[in-house]
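Contents: one structure, followed by commentary.
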Amino acid sequence: MTHRSILRTVLAALIAATAPALAQAQSARNVLIVSNARSSVSREIADYYAQKRSISSEQAVRVDVPVGDEVPREVYEARIERPIAEWLVAHSAQDRILYIVLTKDVPLRVAGTGGANGTVASVDSELALLYRKMAGQTIRAAGPVANPYFAGDKPAASVPLFTHRTHDIYLVMRLDGYTVSDVRALIDRASAPAKEGTILLDGRSELVQSAGNTWLLKTAATLTKMAPWTDAVVLDTSAKVLRDTAGVIGYYSWGSNDPAIKDRHLGNTFVPGAIGAEFVSTDARTFQEPPPEWTTNGTPYRGSHQSIIGDLIRDGITGVAGHVAEPYLNATIRPDILFPAYMSGFNLAEAFYMAMPNLSWQTVVIGDPLCAPFRTRRAELTDLEPPMDPVTELPSQLSDRRVALLVSGGARKEAAQYLAKAEVRRGRRDTEGTLAALEKATTIDPSLISAHLMLALLHEERAEWDKAIDAYKRTLTAKPDDATALNNLAYLLAVRKQDAGTALPYAKRAYTAQNASPAATDTLAWVQHLLGNDVEALPLIIAASRQMPQNAEVRLHAAAIFAATGNTARARDEFTAALKIDPSLENSPILDPLRKSLGLSK
């Protein structure tokens, strides 16, 4: 058996609750900095930002991931998302941290398919949903997810300051640019932002007005009604290019999608704290600097001929959004929300996320989340640093969401609280405390499948096979067709108890319940092999290994079954492949007999 389904647990550690205090602005306490351990540039920027904003050295995560623009989804989940989640759990900071700030050389893009329902996405946009995952939600990879902080048609004044009391996401920002000097200069500008300047809204000439130009017109109409911006807005929807303007605090254009814009640098000078964006599909595809002679709409650079927001950062902008892949126009940053929000007092991160329709999509936002030149409102400290829940031992806002999710799935509230407590204690490696909480949960609510499964898995880890088997059987009493319990029980009986005959009906039921999933197929094949039914096992293991060619355990099972059916050459190939994928299989109990039967030496 391989890849047995394991419950996703929400882990946390207990810290003392913080007493309520006066209202205050979001601060360094609410920021987590993430750099790439493989990049000295990434580490340098992280250290500089922490020093500039007096962010504790404890509020830092160094992920270990190859430097590059793109990363496979499995690498993103294991090497970026997981270490960040582990830090949040270890510090009980799931509610306190509001902003995750990535530094240069943390990959930009999660590889995937394109299109309106594709799986490619920015790393930043995927990380924004980490809070939901820690609350136990399942997030689909395909297509965008609606951003709960998107203001839509609501006036900015009606939108609350961002905390986890009202919103179950993180605001993920990035400190990036072509060079370390570019990024350090951006950080410096964010720490001393200006409070006045000109806002340039550079529409393009169109026969039929697009949604983008419509939003720019709406932006101008809104800002000209806001003191002191009445005379500070320059709007143009002709073929003219807005350039060579001093003191720019806001900028939005069509970038290289405007035929009139042919130059990478337009001569506009930005004041510290200036923000902006473009209606461009791939303007954050890379921050590797193009050669000086490169021009947009000519030879592609890093996969596209479109403009790159690194040029705006070089020109002196302080906050800017871009896209790692095609977002489609309706998913771009809405200027009619962005500028009014920022100018009315929201910080840089809040303003951009209020203007961002979707998450798990293509947007990245460059800038310091704490940059807030017009801030007047304050949040309650109990929202910024909520107390711990004494029952679940989770931060209170996350606790409420986790328990509510379990209850919505049919759990009794008290049982759900004990299950959440078990997840916390498991994260602390408090095995006895975890077992006690799980026993309590399953006693209160015998139908709580996830608690039974977690209990069974914990007993398996402790090599308490009989207790694990009992827990799986209790799961099946509550839910006879539970695929995980059927599959894992079959494996335990066949391998740990050497009772393949009793295991076979469970393996067959798991195979049916999981619609012949690769894991269930492998389990059934192995049980049949242990019973000597290798003719029945052979087509099953061929199917499983075809679907999971990189799974060493499946390949080792295939080697044994091919050997038993007389195909020695194929068995040797599978054996060699298994050890190449996972050399630790040298410790497998089936290895030495199999090696001997195949005439192989160590």
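Every residue in segment 145-175 that is exposed (fewer than 15 other Cβ atoms within 10 Å of the Cβ) and either outside the structural domain of T222 (by TED's automatic domain parsing) or among the hydrophobic types (A, V, I, L, M, F, W, C) (or both), please.
Listed by number, the residues that qualify are A146, A157.
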Assigned by TED's automatic domain parsing to the domain that holds K52, modelled with pLDDT of 95 or more, crowded, with 17+ Cβ neighbours inside 10 Å and over 24 Å from W87 (Cβ atoms), is that true of Y178? yes
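Hey, does segment 228-238 have a residue that's in contact (Cβ under 8 Å) with a residue 24 or more places away in the chain, among the small types (G, A, S) and part of a loop (DSSP other than H, G, I, E, B)?
Our first condition is that a residue be in contact (Cβ under 8 Å) with a residue 24 or more places away in the chain; within segment 228-238, this holds for 228-229, 232-238.
Retained after the next criterion (residues that are among the small types (G, A, S)): 232, 238.
Retained after the next criterion (residues that are part of a loop (DSSP other than H, G, I, E, B)): 232, 238.
Checked against the condition, which is being in contact (Cβ under 8 Å) with a residue 24 or more places away in the chain, among the small types (G, A, S) and part of a loop (DSSP other than H, G, I, E, B), segment 228-238 yields at least one hit.
Going through T295, T332, T299, T318 one at a time, which residue ends up being modelled with pLDDT of 95 or more and within 17 Å of S256 (Cβ to Cβ)?
Numbers: T295 fails: modelled with pLDDT of 95 or more; T299 fails: modelled with pLDDT of 95 or more; T318 fails: within 17 Å of S256 (Cβ to Cβ).
After ruling out the rest, the residue left standing is T332.
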Say whether the condition of being under 17 Å from the mean Cα position of the chain (by Cα), part of a loop (DSSP other than H, G, I, E, B) and of a type in the set (A, V, I, L, M) is met by at least one residue in segment 53-66. yes
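Across segment 118-134, what is the number of residues that are assigned to a loop (DSSP other than H, G, I, E, B) and either surrounded by fewer than 22 Cβ atoms within 10 Å (Cβ to Cβ) or outside the structural domain of V89 (by TED's automatic domain parsing) (or both)?
At the first step, the residues of segment 118-134 found to be assigned to a loop (DSSP other than H, G, I, E, B) are 118-120, 128-129.
After this cut, where a residue has to be either surrounded by fewer than 22 Cβ atoms within 10 Å (Cβ to Cβ) or outside the structural domain of V89 (by TED's automatic domain parsing) (or both) as well, the list is 118-120, 129.
Qualifying residue count, segment 118-134: 4.
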Kindly establish whether R402 is surrounded by fewer than 24 Cβ atoms within 10 Å (Cβ to Cβ) and in contact with a helix residue (DSSP H, G or I) (Cβ under 7 Å, 6 or more places away or on another chain). no
Assigned by TED's automatic domain parsing to the domain that holds L338 and either without any contact (Cβ under 8 Å) to a residue 60 or more places away in the chain or in a helix (DSSP H, G or I) (or both): does that describe A142? yes
In segment 297-314, what count of residues is obtained for those that are closer than 20 Å to G203 by Cα and either buried (at least 18 other Cβ atoms within 10 Å of the Cβ) or without any contact (Cβ under 8 Å) to a residue 12 or more places away in the chain (or both)? 6
Could you list all residues from segment 181-232 that are over 37 Å from the mean Cα position of the chain (by Cα) and within 26 Å of K262 (Cβ to Cβ)? S205, E206, L207, V208
Could you tell me how many of the residues in segment 409-431 are at pLDDT below 95 and loosely packed, with under 15 Cβ neighbours inside 10 Å? 4
Does T318 count as surrounded by 20 or more Cβ atoms within 10 Å (Cβ to Cβ) and under 27 Å from the mean Cα position of the chain (by Cα)? yes
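Can P340 be described as without any contact (Cβ under 8 Å) to a residue 12 or more places away in the chain and either surrounded by 24 or more Cβ atoms within 10 Å (Cβ to Cβ) or not hydroxyl-bearing (S, T, Y) (or both)? Spell out how you get there, then give the answer.
Numbers: without any contact (Cβ under 8 Å) to a residue 12 or more places away in the chain: no; either surrounded by 24 or more Cβ atoms within 10 Å (Cβ to Cβ) or not hydroxyl-bearing (S, T, Y) (or both): yes.
Against the criterion (without any contact (Cβ under 8 Å) to a residue 12 or more places away in the chain and either surrounded by 24 or more Cβ atoms within 10 Å (Cβ to Cβ) or not hydroxyl-bearing (S, T, Y) (or both)), P340 does not qualify.
Of the residues L493, L455, L489, which is surrounded by 22 or more Cβ atoms within 10 Å (Cβ to Cβ), farther than 26 Å from A411 by Cα and in the same structural domain as E432 (by TED's automatic domain parsing)? Full working, then the answer.
Values: L455 fails: farther than 26 Å from A411 by Cα; L489 fails: farther than 26 Å from A411 by Cα.
None of the others qualify; the one that does is L493.
Filter segment 91-146 down to the residues that are polar (S, T, N, Q) and over 19 Å from N30 (Cβ atoms) and list them by number.
Filtering segment 91-146 for residues polar (S, T, N, Q) gives 92, 94, 103, 113, 117, 119, 122, 125, 137-138.
Once the filter is applied, which keeps residues that are polar (S, T, N, Q) and over 19 Å from N30 (Cβ atoms), segment 91-146 yields T113, N117, T119, S122, S125, Q137, T138.
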Any pair with Cβ under 7 angstrom, 6 or more apart, that starts in segment 558-584 at a residue that is polar (S, T, N, Q) and ends at one that is assigned to a helix (DSSP H, G or I) and at pLDDT 90 or above: T565/D534; T565/L538
Across segment 371-388, the tally of residues that are buried (at least 20 other Cβ atoms within 10 Å of the Cβ) and either in the same structural domain as R174 (by TED's automatic domain parsing) or over 17 Å from H164 (Cβ atoms) (or both) stands at 3
If E553 satisfies all but one of (1) free of Cβ contacts under 8 Å to residues at least 40 places away in the same chain; (2) surrounded by fewer than 24 Cβ atoms within 10 Å (Cβ to Cβ), what's the number of the condition it fails? (1)
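Please list, ordered by residue number, the helices (runs of 4 or more DSSP H) wholly in segment 510-588 having 1 or more residues that are aromatic (F, W, Y) and closer than 24 Å to D499 by Cα.
Here the list reads 518-530, 552-564.
The values are calculated or read from the model by the stated rules, or taken from the named source; none is laboratory data. Computed from a predicted model, the values in this text were never measured in an experiment. Neighbour counts are summed over all protein chains in view; Cβ atoms, including those assigned to glycine, are modelled from backbone coordinates with ideal geometry.
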